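Here the structure is laid out as structure tokens; the discussion comes afterwards.
What follows draws every value from the coordinates through simple rules; no lab data is involved. Just so we're clear, the structure is a prediction, and the values are computed from it rather than from any experiment. Neighbour counts are summed over all protein chains in view; Cβ atoms, including those assigned to glycine, are modelled from backbone coordinates with ideal geometry.
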Amino acid sequence: MSGSGWTSTSMPYLAPRAAGDSDAWTEEAAAAGRRGGQRILHAAEVTAPPEVAGMLGLAESSTVVVRRRVIELDGEPTELTDTYYPADIAAGTPLAGTAKIRGGAVTLLAALGHVGVRVVENVTARMPGVEECERLRLGSGEPVLQLARTTYDSVDRALQADLMVMPAGRQQLRYEIRIG
């Protein structure tokens, strides 16, 4: 690994936070002696892109709420994250706005009665698009990792779909799986 040398794990981002806690990213970065932050570029109701409609189990013409963010580590862009929610869950809530959500979106979802119990993640490597190169400040020929995560509730309804893009040379993904 080069660049930030960051190892990312998914577990801290899947459980609601205690009242008054900051979001998982800010806390994880601080624990490593670094500064994590995010800029919310856009939040709105949109027609679900085909990939997102499939992830959420919705018709392609369905309306979803999207939050588009740049995740930063020590002031440098380290990840682009687009998070999508079914409109009947997120419309009219802070998820549809551009303000930072205390404790993170997972905490707000739990307060709204939507708790994730299962997650499916797919990771692919690819070359970035022009906008991704600019936003992530990538060098010529630098590949990215795309992590597509779908979070499901106890009745197997998809609550959230995340599409995350990160520089491949600056990230390491770590998975820990406990059986039983």
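A few comments on the model shown:
- Members of the range 39-81 found to be in contact with a strand residue (DSSP E or B) (Cβ under 8 Å, 6 or more places away or on another chain), surrounded by fewer than 17 Cβ atoms within 10 Å (Cβ to Cβ) and among the small types (Gly, Ala, Ser), listed by number: Ala44, Gly57, Ser61, Ser62, Gly75
- Of the residues making up the range 127-180, those that are under 15 Å from the mean Cα position of the chain (by Cα) and of a type in the set (Gly, Ala, Ser) are Ala148, Ala158, Ala161.
- Close pairs (8 angstrom Cβ cut-off, 6 or more residues apart or separate chains): small (Gly, Ala, Ser) in the range 131-142, outside any loop (DSSP other than H, G, I, E, B) anywhere: none
- In the range 73-94, the residues that are within 25 Å of Leu58 (Cβ to Cβ) and over 13 Å from the mean Cα position of the chain (by Cα): Pro86, Ala87, Asp88, Ile89, Ala90, Ala91, Gly92, Thr93, Pro94
- For Val165, the test of being touching a residue at least 60 places away in the same chain (Cβ under 8 Å) and farther than 22 Å from Gln38 by Cα is failed.
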